[in-house]
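J.: Please read through the structure below; I'll follow up with questions.
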Amino acid sequence: MMPESDTRQSDPSASRIGAPVVELRGVSKRFGSLEVLRDVSVKFRRGETTVIIGASGAGKSVILKHIVSLLKPDSGEVHCRGERIDTMTERELVAVRTHFGFLFQMGALFDSLTVAQNVAFPLVEHTQRAASDIAKTVSEKLRMVGLDGLQEKKPAQLSGGQRKRVGLARAIALDPEIILYDEPTTGLDPIRSDIINELILKLQRELNVTSIVVTHDMASVRKIGDRVVMLHEGKFIFDGSPEEMETSDVKIVRQFVEGRAEDEQLAGIRMKGKP
Amino acid sequence: MIITTIGRKTNNSLEAFGRFWMFCLRTTRWMFTGMFQYRNWRLVMPQFYEVGNRSLPVIAITGTFVGMVLAVQAYDQLHAAGFAERMGVLLNLTLVQELGPVLAAVMLAGRVGGALTAELGTMNVTEQIDALRAMGSDPIRYLVVPRFLACLILCPMLTLFADVCGSLAGSWIAVGLKDIPYEPYTYYTMDAVAKWDMGVGFIKSLIFGWIIGMVACYKGFHCRAGAEGVGRACTEAFVAIFIAILIVDFFIATFSTGLYKMLYGFKSLV
Ligand SMILES: Nc1ncnc2c1ncn2[C@@H]1O[C@H](COP(=O)(O)OP(=O)(O)OP(=O)(O)O)[C@@H](O)[C@H]1O
Ligand SMILES: [Mg+2]
């Protein structure tokens, strides 16, 4: 069996990865006195899978929300498919947003609707397809995430991981060009995580989807990432391939790769042991 | 120091006030532009059921007992003064103009306003509203307009229902228990309660419905994070609606009596 990185290298990635489709230019964002993003600039290219890593609370989810203009930057610009979107009205944004799929960190399923209605939601809102056609697409998308047959359940009856996967099925329902995944494998068992990783790869290979993945899961970074960026204290402090990440000598990146905390970070829990 | 604090507070409340009106404006715009699409009407029906049908029992009980209490309270004094036959006038005028609209609206605010704020607030803190926006559906169109319409249209209808219940219950006390003769009772009532009074009651309840729908949805959409934020938004919504209803009631009463006198002169009921 060939290692994953080899299959990717055999892929002519130079032609697969195209021009930037999403771009943040000098974006700053603060919530009250908390400065989350400081003058962040980054480009995401067509067909490329970019993984965003960073400490909990670093602002990764905030970045994703800026990309679909759910949050507006305090200063700076957000461009998407050649248009500046941070100054658009909600009405103008509709056309832009239908090109996106967004998997929310907590799933964000509509709890008054069934699983099937949740996944069908973008199809019902943005297409004129017949009900039987929609039902077929819904069951196909649910099969992709391993949940076909749960159509009539309510989100409250599902486990956390199942909700996440329904959210993923909903995000890909319209076959979007750009998919934003906020921690797609968190809360899933290792086998299921691997299936989701394969799904992300498959969508990228077959539909040439541009993916932006926020994750804490180093196994999936290595498996799906074409490029890794790391957010730390409101800035991107690392930008490179997963291979470069492995050999990086930036301290905080090393700690992420090795999954190891420094002595001073452990001081808080050591104190308790000693009088 | 104090001045800056006051300044900031005023600034914040002015900002919130502006946001509230923007919210109303967007809702109104969607109401008109969305009117011609079938998919929007499909969203309205469940809300009518939720707001209307489910509120009937509480509204019926409120109306009935208010009518009976009024009759019991008024009878002795009127009887002593020899005006017992005109009790229907007092009873029905109070019901149609004041107590019907106000109490029905307050009940509706408690029963529906709280539930709406809680529902939308929970959707807000669990990112469901963001999810709607991210999928290119305007949450105002999808969530607010159907709920607002249900409040706006059903508040007058429920008020009318409360009026009828109260009026029937009151006349049952008067005619059935206190032995006021039926004919003069209805004659005086019909004579006194004019279209004008019904109109005032209707306009009041329409405005109250507007307040309930708008404030409840606004509070749900702008609540703070967490279960605590949702709980607080519900309380704030109820209090704000209640106070707004009483204040608006006062101004409409003042305005409508003034207008009546200007148009028709003073009308004596006794
Ligand atoms: N709507 C908001 N209002 C106020 N503060 C916010 C808001 N959204 C995010 N924050 C703050 O911004 C910071 C970054 O949040 P974010 O959700 O982006 O973190 P994250 O990197 O996704 O973390 P995690 O890995 O735990 O999901 C946090 O400190 C959070 O408190
Ligand atoms: Mg996050």
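J.: If you roll a 1.4 angstrom probe over the protein chains with everything in place, what fraction of the accessible area of the protein assembly as shown belongs to carbon and sulfur, to the nearest %? Mind showing how you got there, number by number?
T.: Values: 16720 of 26930 Å².
Of the solvent-accessible surface of the protein assembly as shown, carbon and sulfur hold 62 percent.
J.: Right, something else. Would you mind checking the tilt of helix A:263-273 against the longest principal axis of the Cα atoms of chain A, expressed as 0 to 90 degrees and rounded to 10?
T.: 90
J.: Springs between alpha-carbon atoms under 10 Å, Gaussian network over chain B: tell me which of B:Gln128, B:Gln97, B:Gln73 tops the mean-square fluctuations.
T.: Of the options given, B:Gln73 has the highest mean-square fluctuation.
J.: Quick one: dipole size for chain A, taken about the Cα centre, charges +1 on Lys/Arg Cβ and -1 on Asp/Glu Cβ, in debye to the nearest 20. The partial results should precede the final answer.
T.: Working: 39 positive and 39 negative charges, 113 e Å.
In debye, rounded to 20, chain A gives about 540.
J.: For B:Lys261, give me every one of the lysines with a C-alpha distance below 19 angstrom, ignoring sequence neighbours fewer than eight places off in its own chain.
T.: Cross-link targets: B:Lys195, B:Lys204.
J.: Also: Amide H to amide H, which residues 5 or more places from A:Asp86 or on other chains are under 5 Å from it, using H placed in the peptide plane?
T.: A:Val78
J.: Still on this model: Run the dipole for segment B:19-264 about the Cα centre, Lys and Arg Cβ at +1, Asp and Glu Cβ at -1, nothing else charged, and hand back the magnitude in debye, nearest 20.
T.: Details: 18 positive and 16 negative charges, 194 e Å.
For segment B:19-264, the charge dipole is close to 940 debye.
J.: For a quick check: with amide H placed at 1.01 Å from N, whose amide H comes under 5 Å from A:Phe102's, ignoring anything fewer than 5 positions away on the same chain?
T.: Amide H to amide H, under 5 Å and 5 or more residues apart or across chains, A:Phe102 pairs with A:Leu180.
J.: Using the Cα centre as the reference, give the magnitude of the dipole from point charges on the C-beta atoms of the protein assembly as shown (Lys, Arg: +1; Asp, Glu: -1; all else neutral), rounded to the nearest 20 debye.
T.: Values: 60 positive and 56 negative charges, 80 e Å.
For this selection, approximately 380 debye.
J.: Where in chain B is the longest stretch that carries no trypsin sites (Lys or Arg not before Pro) classed as loop by DSSP and with at most 13 other Cβ atoms within 10 Å?
T.: Numbers: sites that count: B:Arg224, B:Lys267.
Between the exposed loop sites, the longest stretch runs B:1-223.
J.: Out of B:Leu93, B:Leu14, B:Leu152, any idea which swings most in a Gaussian network model of chain B, alpha carbons joined below 10 Å?
T.: B:Leu14
J.: For the charge dipole of the protein assembly as shown, defined by +1 on Lys and Arg C-beta atoms and -1 on Asp and Glu C-beta atoms about the Cα centroid, which residue among A:Met218, B:Tyr218, A:Ala156 has the Cα displaced farthest towards the positive pole?
T.: Positive-most Cα among the choices belongs to B:Tyr218.
J.: Let me ask something additional. Looking at the protein assembly as shown, send over the antiparallel percent of its DSSP beta bridges, to the nearest 5.
T.: Values: 20 of 38 bridges.
Here the antiparallel bridges make up roughly 55 percent for the protein assembly as shown.
J.: A follow-up question, please. Please list, or write none, the aspartates and glutamates whose alpha carbon is within less than 14 Å of the alpha carbon of A:Lys141, excluding same-chain residues fewer than 8 places away.
T.: A:Asp133, A:Asp175
J.: Can you work out ³J(HN,Hα) from phi for every residue in segment B:55-71, in order, using Karplus 6.51 cos²θ - 1.76 cosθ + 1.60 and θ = phi - 60°, giving whole Hz and x for Gly and Pro?
T.: Running phi through 6.51 cos²θ - 1.76 cosθ + 1.60 with θ = phi - 60° gives 8, 3, x, 4, 5, 4, 5, 4, x, 4, 6, 4, x, 5, 4, 4, 4 Hz.
J.: A further question on this structure: Loop only by DSSP, 11 or fewer other Cβ within 10 Å of the Cβ. Give me the chymotrypsin sites (Phe, Trp or Tyr not before Pro) in segment B:1-104 that pass, ordered by residue number. Don't skip to the end; give the middle numbers.
T.: Working: sites: B:Phe17, B:Phe20, B:Trp21, B:Phe23, B:Trp30, B:Phe32, B:Phe36, B:Tyr38, B:Trp41, B:Phe48, B:Tyr49, B:Phe65, B:Tyr75, B:Phe83; in loops: B:Phe36, B:Phe83.
Within segment B:1-104, the qualifying chymotrypsin sites (Phe, Trp or Tyr not before Pro) (loop, at most 11 other Cβ atoms within 10 Å) are B:Phe36.
J.: Mind checking the per residue accessible area of segment B:19-264 for me, 1.4 Å probe, whole number of Å²? The partial results should precede the final answer.
T.: Values: 11840 Å² over 246 residues.
For segment B:19-264, the solvent-accessible area averages 48 Å² per residue.
J.: Output the 0 to 90 degree angle, nearest 10, between the alpha-carbon long axis of helix B:182-192 and the longest principal axis computed from the alpha carbons of chain B.
T.: 50
J.: Continuing with this model, one more query. Reachable lysines from A:Lys43, Cα under 22 Å, same-chain residues fewer than 8 places away excluded?
T.: A:Lys29, A:Lys60, A:Lys65, A:Lys72, A:Lys223, A:Lys235
J.: Give me a comma-separated list of calculated 3J(HN,Hα) values for segment B:158-163, in order, Karplus coefficients 6.51, -1.76, 1.60 applied at θ = phi - 60°, integers in Hz, x for any Gly or Pro.
T.: Once rounded to whole Hz, the list reads 5, 4, 4, 4, 4, 4.
J.: Now for a different question. Provide the per-residue ³J(HN,Hα) series for segment A:51-62, in order, calculated from phi with Karplus coefficients 6.51, -1.76, 1.60 and θ = phi - 60°, each as a whole number of Hz, with x at glycine and proline positions.
T.: Karplus-based 3J(HN,Hα) across segment A:51-62 equals 9, 9, 10, x, 4, 4, x, 6, x, 5, 5, 4 Hz.
J.: May I ask you to list the chymotrypsin sites (Phe, Trp or Tyr not before Pro) in segment B:238-270 that are in a DSSP loop and have at most 16 other Cβ atoms within 10 Å of their Cβ?
T.: Counting only loop positions with at most 16 other Cβ atoms within 10 Å, the chymotrypsin sites (Phe, Trp or Tyr not before Pro) in segment B:238-270 are B:Phe266.
J.: Compare the Cα positions of B:Val58, B:Gln47, B:Gln73 along the charge dipole of segment B:1-94 (+1 at Cβ of Lys, Arg; -1 at Cβ of Asp, Glu; about the Cα centre) and return the one farthest towards the positive end.
T.: Ranked along the dipole, the leading option is B:Gln47.
J.: With both bridge residues required to lie in chain A, what share of the DSSP beta bridges run antiparallel, to the nearest 5%?
T.: About 55 percent, rounded to the nearest 5.
The values are calculated or read from the model by the stated rules, or taken from the named source; none is laboratory data. Source: prediction; values computed, not measured. Ideal geometry is used to build each Cβ from the backbone, glycine not excepted, and the neighbour counts take in all protein chains shown. Areas reflect the complete protein model, heavy atoms only, side chains present, ligands, DNA and RNA absent. Shrake-Rupley method; radii C 1.70, N 1.55, O 1.52, S 1.80 Å.
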